[in-house]
Amino acid sequence: MATRLRHKSFQRNLLFSIGGIFLLFAVCFSGYQYKREKAFRIDILHARLQLVNYRLMQTLSPGELLHKQAFNAFVDSCHIEGLRMTVIDSTGKVLIDSSGRDAEDFNDHSGRVEIASALRHGEGYSLKRMSVSTHETYFYSATRFGDIVVRAAVPYSTELTRSLQVNNTYLYFLLALTLLLGFTLYYNTSRIGRHIGYLREFAIKAEEGEELDHELERAMPDDELGDISHTVIALYWKLRHSEEDKVRLKRQLTQNAAHELKTPAASIHGYLESIMEHPDMPADKRQHFLERCYAQSERMNKLLLDMATLTKLDESPLLTHNRPATMVDVVELIHSILDELSLDLKQHAITPVLHLPQEIAVRGDRSVLYSIFRNIIDNSLAYATGADRITITCKEKEKADAASTVRPQAAKGYYEFTVADNGQGVELEHLPHLFERFYRVDKGRSRKAGGTGLGLAIVKNAVAVHGGTVMAETTPGGGLTIRFTLERAL
């Protein structure tokens with residue numbers, strides 16, 4: 001219930017915030033437009049009465065201007081209902097007025113708004129003021145001509161009020177636009193709120209471990225919001241599958257480790273039990289049993305060390321963007337490994353062949369890089385039956401292939417290494433699984449050779465730690481080739 005309320009609250013807040021801004025704009029625009037329209041109509045009336053003032057000055061001579069009969073005749077000729085005209089001097093004294101009253105009956109007009117404006121600016125008007133002499137409400141328009149001011153006034157009749165009334169057509173247009181925008185805004189905010197509700201429902205189900213409804217993903221819109229929703233859901237499924245894979249791998253690792261440790265543990269137990277039950281056992285046979293116990297304990301130790309290495313690689317900070325700062329000379333590293341394995345190579349009658357540049361600089365962890373080459377060479381020594389050479393090559397690349405996971409923004413280039421033997425090779429069906437933990441092509445032969453089944457899994461994780469990829473393929477002419485990449489240090 002709280003989720004639904006928050007969903008509606010988001011939609012309501014979004015609707016009211018955007019709608020409120022538009023309504024504020026509409027009110028401000030209406031007020032501005034009303035004042036503008038009102039001023040426009042006043043200006044029209046003011047201009048019309050200004051023309052009457054100019055016609056008066058053009059029609060009557062200075063002598064006729066103050067002649068009551070000629071002055072009134074001009075006012076009548078204008079044919080404007082209720083028109084009243086007045087001539088005032090610069091001191092505010094009324095010289096003549098068409099209302100019929102004598103000039104001496106009027107008080108000082110210099111304080112009238114329209115007269116004061118005309119004396120200062122040449123013209124002026126007063127929108128609505130009651131006349132002291134006639135007690136009627138007029139619209140006044142005054143114009144200055146030298147030392148006198150001519151003023152025309154019309155009473156506020158029904159016709160004048162109608163002519164000054166603002167045309168409200170724009171209000172209907174604005175109201176229609178507001179309704180249209182309100183409908184569109186409500187539709188879009190409802191749509192956004194609805195899809196946010198879908199995502200929230202998906203998140204709650206995922207958090208509570210409920211059965212997830214795939215219709216949630218299909219209900220997303222085909223736009224940017226839908227893209228974001230699809231991405232969020234895809235990331236969730238990717239994370240969930242990743243977590244499930246981790247759990248599965250850990251469970252598989254535990255099961256395989258228990259299975260692998262069971263054989264040497266049982267052997268050690270059997271040998272020691274035989275020694276304890278037969279204290280008079282011949283010395284040579286006792287020595288043989290002890291040697292077998294030692295060999296099995298060595299196998300267990302190697303298995304535990306390999307598992308520890310894998311755990312270290314799984315939790316290594318190198319898997320993040322924080323790369324180690326150590327520069328490793330890979331050429332020197334390979335030569336040191338071959339020196340360590342010189343006796344084993346000689347025993348298997350295998351000759352190492354190197355095609356390496358003079359310098360190979362890789363930024364990484366030396367011990368992890370050591371485990372890559374050591375485990376690959378050990379794998380060849382143990383399983384490359386019939387091989388007489390191991391070829392190690394390295395090529396510089398400036399652009400990673402499509403299968404590489406090297407981040408282009410993080411690496412300017414990379415090294416491609418191949419370690420190939422010319423032994424009996426591996427059938428194609430096994431190639432994709434060689435880097436799985438405890439995977440064995442021939443389980444019986446592998447145990448006899450003393451392998452733990454973790455060497456190539458360590459290689460895969462160690463290569464990934466250094467921003468590269470690894471794959472296995474058949475060597476042309478027979479044998480197995482391990483191909484992998486490492487980021488080149490510039």
Show the residue pairs meeting these rules: Cβ distance below 9 Å; 6+ apart or different chains; first residue within region 339-362 and more than 23 Å from Leu486 (Cα to Cα); second residue part of a loop (DSSP other than H, G, I, E, B) and open to solvent by 60 Å² or more (accessible area, probe 1.4 Å). His348/Asp388; Ala349/Asp388; Ile350/Asp388; Thr351/Asp388
Cβ contacts < 6 Å: first residue within 16 Å of Asp97 (Cβ to Cβ), restricted to region 55-79; second residue charged (D, E, K, R) and open to solvent by 50 Å² or more (accessible area, probe 1.4 Å), any location; separation 6+ or different chain. Result? Ala70/Glu64
Taking the condition of being open to solvent by 60 Å² or more (accessible area, probe 1.4 Å) and at pLDDT below 85, how many residues in region 39-62 meet it? 5
Do any residues in region 96-117 that are within 22 Å of Glu64 (Cα to Cα) have Cβ atoms under 7 Å from those of residues that are open to solvent by 20 Å² or more (accessible area, probe 1.4 Å) and not small (Gly, Ala, Ser), where the two are at least six apart or on different chains, and which pairs are they? Ile96/Leu66; Ile96/Lys68; Asp97/Phe106; Ser98/Asn72; Ser99/Thr134; Ala103/Leu95
Could you list all residues from region 107-124 that are open to solvent by less than 80 Å² (accessible area, probe 1.4 Å) and either out of contact with any Asp or Glu (no Cβ under 8 Å at 6 or more places or on another chain) or at pLDDT below 85 (or both)? His109, Ser110, Gly111, Arg112, Glu114, Ile115, Ala116, Ala118, Leu119, Gly122
Positions within region 237-272 being open to solvent by 80 Å² or more (accessible area, probe 1.4 Å) and either modelled with pLDDT of 80 or more or in contact with a Ser or Thr (Cβ under 6 Å, 6 or more places away or on another chain) (or both), in sequence order: His269
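The values are calculated or read from the model by the stated rules, or taken from the named source; none is laboratory data. Everything numeric here is computed off the predicted structure, so don't read it as measured data. Cβ: placed from backbone, ideal geometry, glycine included. Neighbour counts: every protein chain shown. What goes into the accessible areas is simple: the full protein's heavy atoms, side chains included, and nothing from ligands, DNA or RNA. Shrake-Rupley method; radii C 1.70, N 1.55, O 1.52, S 1.80 Å.
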